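Peer 1: I am attaching a structure below and will ask some questions about it afterwards.
The values are calculated or read from the model by the stated rules, or taken from the named source; none is laboratory data. Since the structure is predicted, the reported quantities are computational estimates derived from the model, not experimental observations. A quick note on method: Cβ atoms are made from the backbone with ideal geometry, for glycine too, and the neighbour counts reach across all protein chains shown. Keep in mind that these areas ignore ligands, DNA and RNA; they rest on the heavy atoms of the full protein, side chains included. Shrake-Rupley method; radii C 1.70, N 1.55, O 1.52, S 1.80 Å.
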Amino acid sequence: YKFDTSKQGAPRIKPDWAWSDAFREAVQTWRSAMKATIAAGQGREQSIEIQTIRIGDVMIIAVNGEMFTRFTELLRASPGLRVFAIAYANAAFGYIPRKEAYAEGGYEVDTAHYFYNSFRPAKGGLELLADRAIEMRTGKC
């Protein structure tokens, strides 16, 4: 694996990992950008856009992030129109994981936000977005 956890303290990137230089550069770029964001009094929250388009009995729901498939599953579990979900609409915030993924870890939860130059979404963010999209889909908002 890419991190050395044999010593106490924070995990360190293994020097022989093929992506160690690129990863280190991405983290440094991310750190600088996030420090500037925080210094400007921002970064406590990030707007995620949800857009809906209805064509007959089909509802297209577009989000400016990379949603885990749970998003579409939650939308389709709600009765009503047929649903199609589109990611990366008008931008790409980055991965928005399902809440269970935070315990599992991995690229989408632990690392991807460095490459998207954003903060990691809060646990439960995907489910909150699905709830809002369902409200839009049913006309409750």
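Peer 1: In the chain, what is the count of Lys pairs whose alpha carbons are under 30 Å apart, counting only pairs at least 8 residues apart or on separate chains?
Peer 2: Lysine pairs meeting the criterion: 15.
Peer 1: Just to make sure I understand: if all protein chains stay in place, what is the order of Phe115, Phe23 by accessible area at 1.4 Å, largest first?
Peer 2: The residues order as Phe115, Phe23, largest area first.
Peer 1: Between the stretch 21-50 and the stretch 74-123, how many Å separate their Cα centres?
Peer 2: A separation of 17 Å, based on Cα centres.
Peer 1: Over the alpha carbons of the chain, what is the largest minus smallest coordinate on each principal axis, giving the biggest first in Å?
Peer 2: The Cα atoms of the chain stretch 57, 34, 23 Å along the principal axes, largest first.
Peer 1: Less than 10 Å Cβ to Cβ from Phe93, Lys/Arg counted +1 and Asp/Glu -1: what total charge do the surrounding residues give?
Peer 2: Within the 10 Å Cβ shell, the charges total -2.
Peer 1: Using amide H atoms built 1.01 Å from N in the peptide plane, name the residues 5+ places from Asn64, or on other chains, whose amide H lies under 5 Å from its own.
Peer 2: For Asn64, the qualifying residues are Glu49, Ala89.
Peer 1: Summing +1 for each Lys or Arg and -1 for each Asp or Glu, what net charge is found among the other residues whose Cβ lies under 14 Å from the Cβ of Gly125?
Peer 2: 0
Peer 1: If you add up the charges near Arg31, with Lys and Arg at +1 and Asp and Glu at -1, over every other residue whose beta carbon is less than 13 angstrom from its beta carbon, what do you get?
Peer 2: Local net charge: +1.
Peer 1: Can you send over the solvent-accessible area of Tyr95, 1.4 Å probe, protein chains only, in Å² to the nearest 10?
Peer 2: Approximately 50 Å² of Tyr95 is accessible to the 1.4 Å probe.
Peer 1: Taking only protein heavy atoms and a 1.4 Å probe, what accessible area per residue, in Å², does the chain have with all protein chains in place?
Peer 2: 65
Peer 1: Report, for the chain, the % of DSSP beta bridges that are antiparallel, rounded to 5.
Peer 2: Of all bridge pairs located within the chain, approximately 55 percent are antiparallel.
Peer 1: Roughly speaking, to the nearest percent, how much of the chain's 1.4 Å accessible area is carbon and sulfur?
Peer 2: Using a 1.4 Å probe with all protein chains present, the chain comes out at 51 percent carbon and sulfur.
Peer 1: So which GluC sites (Glu not before Pro) in the stretch 14-60 are both in a DSSP loop and have at most 14 other Cβ atoms within 10 Å of their Cβ?
Peer 2: Glu45, Glu49
Peer 1: Heavy-atom accessible area of Thr37 with all protein chains present, probe 1.4 Å, nearest 10 Å²?
Peer 2: Estimated to the nearest 10 Å², Thr37 gives 40 Å².
Peer 1: Accessible area of Met67, 1.4 Å probe, to the nearest 10 Å²?
Peer 2: Its accessible surface works out to 40 Å², give or take rounding.
Peer 1: Counting only protein chains, not ligands or nucleic acids, how are Lys14, Lys99 ordered by accessible area (probe 1.4 Å), most first?
Peer 2: Correct descending sequence by accessible area is Lys99, Lys14.
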